[in-house]
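Engineer: The structure under discussion is supplied below as C-alpha cells; questions concerning it will follow.
The values are calculated or read from the model by the stated rules, or taken from the named source; none is laboratory data. Nothing here was measured: the structure is a model prediction, and the numbers come from that model. Note that we place each Cβ from the backbone using ideal geometry, even for glycine, and neighbour counts take in every protein chain shown. These accessible areas exclude ligands, DNA and RNA; they are computed on the full protein's heavy atoms, side chains included. Shrake-Rupley method; radii C 1.70, N 1.55, O 1.52, S 1.80 Å.
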Amino acid sequence: MHTTSTPGAGTPARGAGEFLATAHRLAALADANAAEHWPSLAKCAAELGLVYLDLAAALPDGGPPRRPHLDRALVAAEEARESLDDGTAVGCSAHTARARLHLALDELDRHP
C-alpha cells in the first residue's frame with residue numbers, strides 16, 4: 001500500500017523552521033513511496049520538499065508573505081501538501097508546479 005500522508009503535517013507550515021521540518025517529512029515520504037515502488041508519489045513529495053526548502057529561504061522570519069507571488073507560492077504549496085495528506089495526491093503535481101512558478105516569479109520581481 002502506498003504512503004501519501006506526511007506525518008505531523010496536518011497544520012499549515014509557517015516560518016523557516018517549520019518549512020524545513022515539512023521538507024524533512026516530505027523527504028521521508030518520498031523515500032517511503034520510492035521503496036514501495038510508487039514513483040509518481042515519490043516524485044511529487046520530493047518536488048514539494050524542494051518547494052518548502054525555497055520557502056524557508058524566502059520567509060526566514062515566519063512572517064506572512066508580503067509579496068504577491070510569494071503568497072501565491074505558499075498557498076499552492078499548502079494545497080499540494082494537503083493533497084498528499086488527504087491520501088489521494090490528486091493535483092499535487094499541478095499545485096507544486098504552480099508554487100515553483102510563483103517562487104521563480106517572486107525571485108525575478110526582487111532581482112530584475
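Engineer: Testing the spin-label approximation: label points 7 Å from Cα along Cα→Cβ at Ala21 and Asp86. State their distance in nm.
Structural biologist: Modelled inter-label distance: 2.4 nm.
Engineer: Another question about this same structure. What's log10 of I(q)/I(0) for the chain at q = 0.10, 0.12, 0.15 Å⁻¹, Debye sum over Cα points only, no solvent?
Structural biologist: -0.25, -0.36, -0.56
Engineer: When the expected Rg is taken as 2.2 N^0.38 Å, what fraction or multiple of it is the alpha-carbon Rg of segment 23-84?
Structural biologist: 1.20
Engineer: For the chain, find the longest principal axis of its Cα atoms and tell me its angle to the long axis of helix 39-58, 0 to 90°, nearest 10.
Structural biologist: Here the helix axis deviates by roughly 30 degrees.
Engineer: Each residue of segment 73-79 in turn: what ³J(HN,Hα) in whole Hz from Karplus with 6.51, -1.76, 1.60 and θ = phi - 60°, glycine and Pro shown as x?
Structural biologist: Computed from phi, the couplings for segment 73-79 are 4, 5, 4, 5, 5, 5, 5 Hz.
Engineer: Students sometimes get this wrong: rank Arg25, Arg66 by accessible area, probe 1.4 Å, all chains present, largest first.
Structural biologist: Arg66, Arg25
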